[in-house]
Amino acid sequence: MNEHENLPAPHAPAAPAVPAWSGTAVGSADEESGGGVNASRYLHAVLRRKWIIIALVAVGTALGAYAARFVELKYRAQATVILGSTSRQDMAQGPIQTSDPLGGIDWLSLLNSFEVLDHVAWAERLYLKHAAKDVDVFRTFTLDSTYAPGEYRLRVSRDGNRVELLTGEGVGIEVAKPGDPIGTSRGFVWQPTRRTLTAGRTVDFRVRSPREAALELRTQLSPSLPKNSSFISIGYVAATPEAAAAVVNATVDRFIRVSTDLKNARVVQLRDLLEQQLIRAESNLRQADQALQEYRARTITLPREGAALVMTPGLAETQGAVTSAYWQMKMQKDALEQDRARIGAALEHAQVDSLSVDAFSLIPSAQQSPELSQALGVLATERANIRALRQNFTDEHAQVQQASERLDQLEHQTIPELAGRVIENIDTQLRNLDRLIAAAGAEMEDIPVRVAEEWKLKREQSSAERLYVDVRQRFETTRLATDATVPDLQVLDHATPPSRPISDPRVKLLAMGVVVSLGLGIGLAILLDLVDPRLRYAEQVTRGMGLAVVGAVPSLAKPRRRLLGAPDSSKLI
């Protein structure tokens, strides 16, 4: 056999001989396939330039930590309000009514009303926007009625002896000494302390209207009232724990105050209506007493019915009973006819003007009808309700429109129908009384007319007295309720400053800086290795230059390299 048989052909180099400790096996599957990822080479590239990677990671971490300083954390505070008992025993005796006069309230709509939010925006100075680090400068900042919204800047001179107020564009407005009031021309009530106005300090801030702040507050509040629940939770997110808790507590306090004032206003409306009815009832009683006394004074010298009946022994009791029954029927008929006429007049008046509750309240037949009496009570309540609602809402508000629709239905449909039924009942009673009076008429021809007049006056006086006592009692009950109104809302849990933010993006920024810088460092290390013109790997000779590697001389100076199989520790031949 020829001694050169084992030598590679001139145009087909033999596979390079690489020691077993070499990191890259020349002629491996990766090279023979003409491609693939040489993970060992990338690992060595990363390890070789580890200080570049470490430096980039340090820089990225520092940048992430620096950016985290400018992140504004968010804190969420929450309070819970419980709906109290809606028992209206103190209100149930309103003007000729028995139902609940207050009706349902949309609590969330009341919470989001400007009556609540405007006050909170003003009290908590939500109209003022500034950086959290400048809170010490604005501790005394408030507005008067002539404020000017806009962007502003407060600048302290380098020597600290001059304070200047400028617009956001840099136009000068006022100049003052440190510790003096500033911004009066713009409606600011502001006197920052000299200690907070350090030399060279610049403070940017924005002033807006309380209504604009209230609109923003409406979007930031998160009230919740689950169905069939008596608990209202109110949450708010702010840049500081103290601000979040303060806004929630201010909102809760104002919410309860407005609801209590609204309830008091309705009670006062009912009290005023009863007071008007009491004045009229007292006047009617006084007129009835005066008419009866004047009649008795005119007829005091005339013979009485009882003296004539005594002349017929054994018949006095019978005649007295017949006379009494006859005149009772006559007076009842007169009263019914009068009630019918007054009801008709009240309905006619309602066609051209609003229906008068007081007109029906003085008609006994109307009071004796439970349905009509209750409907009139509901009408009076609805009127008081809509007046109270209009003190807080406009006519376009849903609650005002619903109350107006209920009021219109009561005035033009429900009460006229019930009054028509009362008139039909009166007509039936009148027909029955006519038959009874006609039967007893023959026996009563000799009774003087003055007896009927006196009975009539007595009945009117007695009816007026009963009505006066009833209205007086209800007025006193409502007046006491006005002085002892129990709020419908109570605070179950006040908001406290939260100890932790709802999320901490600083950790994410720091981790992002580490990950991104680490990725950039690894990528940079691999890129530098790919563009490095020096020969470090066997594949650079075999694949890149088409030459065979005969052998490799290891570097014994760094034995740890041999363990890693680093090809750059050997000299290729």
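Assorted remarks:
- Listed here are the helices (runs of 4 or more DSSP H) enclosed by segment 347-433 that have at least 2 residues being within 30 Å of Gln332 (Cβ to Cβ), open to solvent by less than 40 Å² (accessible area, probe 1.4 Å) and not acidic (Asp, Glu): 357-361, 364-368, 370-390.
- Ser224 being closer than 30 Å to Leu108 by Cβ, open to solvent by 20 Å² or more (accessible area, probe 1.4 Å), in contact with a strand residue (DSSP E or B) (Cβ under 7 Å, 6 or more places away or on another chain) and modelled with pLDDT under 90: yes
- Residue list for segment 227-237, restricted to those being open to solvent by 40 Å² or more (accessible area, probe 1.4 Å) and assigned to a strand (DSSP E or B): Phe231, Val237
- Yes/no for Ala245 being over 15 Å from the mean Cα position of the chain (by Cα), more than 30 Å from Arg459 (Cβ to Cβ) and at pLDDT below 85: no
- The one condition in (1) at pLDDT 80 or above; (2) under 30 Å from Leu111 (Cα atoms); (3) not charged (D, E, K, R) that Val516 fails to fulfil: (2)
- Subset of segment 211-221 (residues that are in contact with a strand residue (DSSP E or B) (Cβ under 8 Å, 6 or more places away or on another chain) and open to solvent by 20 Å² or more (accessible area, probe 1.4 Å)): Gln220
- Segment 247-266, residues that are under 14 Å from Leu221 (Cβ atoms) and buried (at least 20 other Cβ atoms within 10 Å of the Cβ): Val247, Val248, Asn249, Ala250, Thr251, Val252, Phe255
- Filtering Glu164, Glu151 for residues that are part of a strand (DSSP E or B), surrounded by fewer than 15 Cβ atoms within 10 Å (Cβ to Cβ), at pLDDT 90 or above and not polar (S, T, N, Q) leaves a single hit, Glu151.
- Taking the criterion of being in a loop (DSSP other than H, G, I, E, B) and surrounded by 14 or more Cβ atoms within 10 Å (Cβ to Cβ), the residues of segment 109-147 that qualify are Asn112, Ser113, Glu124, Arg125, Leu126, Tyr127, Phe141, Tyr147.
- Residue identified as in a helix (DSSP H, G or I), closer than 23 Å to Ile363 by Cβ, at pLDDT 85 or above and open to solvent by 60 Å² or more (accessible area, probe 1.4 Å) among Glu453, Glu465, Glu460: Glu465
The values are calculated or read from the model by the stated rules, or taken from the named source; none is laboratory data. Fair warning: this is a prediction, and the values are worked out from it, not measured in the lab. In this analysis, Cβ positions are derived from the backbone assuming ideal geometry, glycine residues included, and neighbour counts consider all displayed protein chains. Heads up: the accessible areas ignore ligands, DNA and RNA and are worked out on the full protein's heavy atoms, side chains in. Shrake-Rupley method; radii C 1.70, N 1.55, O 1.52, S 1.80 Å.
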